[in-house]
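A quick write-up on the structure given underneath.
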Amino acid sequence: MQVQKKLFTPVQIGPITLKHRIVMPPMSRLRAQWPSGIPSDLMREYYSQRASDGGLILTEATAISPSGRGYRGAPCLYRDEQLTGWKRITDAVHAKGGYMLAQLWHAGRTTHVAVTGEQPVTASVDPAYCADPNIFVVTPTAFRDRRRIERWRRPRSLLSSGSTVPPPSTRSVQASTASKSWPPMVI
Ligand SMILES: Cc1cc2nc3c(=O)[nH]c(=O)nc-3n(C[C@H](O)[C@H](O)[C@H](O)COP(=O)(O)O)c2cc1C
């Protein structure tokens, strides 16, 4: 069978029968409401536009906890209001006959206090990663102030009770304040 023809034949994925094989991959668009992480009207429009009868859409990366938030504007799915926001979207996709699966994530070492309100936590801490000046994390103000970003991207490990990479001894006043406040300050 020609590839093009096969593209438009059904396929079974677990309990889901798709009518065609064009699947939308997870693509972060950073359009969720901030700081609530509730999916926005724009997201509903975006996913609804891309829904098709018997087609499958994977959501953009969606945080499973406050500490797992990777970017400002990335959606979340750990509070009732966020679930309600996603349901508005899945309802619109289902109305067109489409299916949707959530991509769940915890952004681990790439999180930042300005987004999560806390020190990053990760499955394992690689000191070389933290020391690498070429690795950035995204904050609400993007990459504007590199030094403050550097100070706050050192994660604590899930493998030990404490931090295997000690936090820097000097912290900016702004960053210290940000860690105690919610919503996070722009730093
Ligand atoms: C704007 C954009 C956002 C993306 N966001 C995610 C994401 O949230 N989760 C993920 O697993 N992949 C993400 N990806 C990767 C895509 O799902 C896809 O795997 C990739 O774009 C396909 O490879 P290619 O871009 O080299 O063709 C993203 C890609 C783009 C272009």
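The values are calculated or read from the model by the stated rules, or taken from the named source; none is laboratory data. Nothing here was measured: the structure is a model prediction, and the numbers come from that model. Because the Cβ atoms are built from the backbone with ideal geometry, glycine has one as well, and the counts that use them run over all protein chains shown.
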*Every residue from the stretch 112-124 that is surrounded by fewer than 18 Cβ atoms within 10 Å (Cβ to Cβ) and more than 20 Å from Pro35 (Cα to Cα)*: Ala123, Ser124
_Failed condition for Leu104, given (1) buried (at least 19 other Cβ atoms within 10 Å of the Cβ); (2) under 19 Å from Arg31 (Cβ atoms); (3) of a type outside the set (D, E, K, R)_ = (1)
_So Ala61, is it within 16 Å of the ligand (Cβ to nearest atom), within 20 Å of Arg109 (Cα to Cα) and either surrounded by 15 or more Cβ atoms within 10 Å (Cβ to Cβ) or small (Gly, Ala, Ser) (or both)_ = yes
*So which residues in the stretch 35-54 are farther than 14 Å from Thr116 by Cα, crowded, with 20+ Cβ neighbours inside 10 Å and either within 16 Å of the ligand (Cβ to nearest atom) or not assigned by TED's automatic domain parsing to the domain that holds Leu101 (or both)?*
Pro39, Met43, Tyr47
*For the stretch 94-109, does any single residue satisfy the condition of being over 22 Å from Asp41 (Cβ atoms), in a loop (DSSP other than H, G, I, E, B) and touching a strand residue (DSSP E or B) at 6+ places or on another chain (Cβ under 8 Å)?*
yes
_Sole exception among (1) within 16 Å of the ligand (Cβ to nearest atom); (2) surrounded by 14 or more Cβ atoms within 10 Å (Cβ to Cβ) for Pro66, by number_ = (1)
_Here is a list: Ala74, Ala61. Which entry is touching a Phe, Trp or Tyr at 6+ places or on another chain (Cβ under 9 Å) and not in a loop (DSSP other than H, G, I, E, B)?_
Ala61
*Hey, among Arg79, Arg21, Arg109, which residue is closer than 30 Å to Ser157 by Cα, away from the ligand (no atom under 14 Å from the Cβ) and surrounded by fewer than 17 Cβ atoms within 10 Å (Cβ to Cβ)?*
Arg79
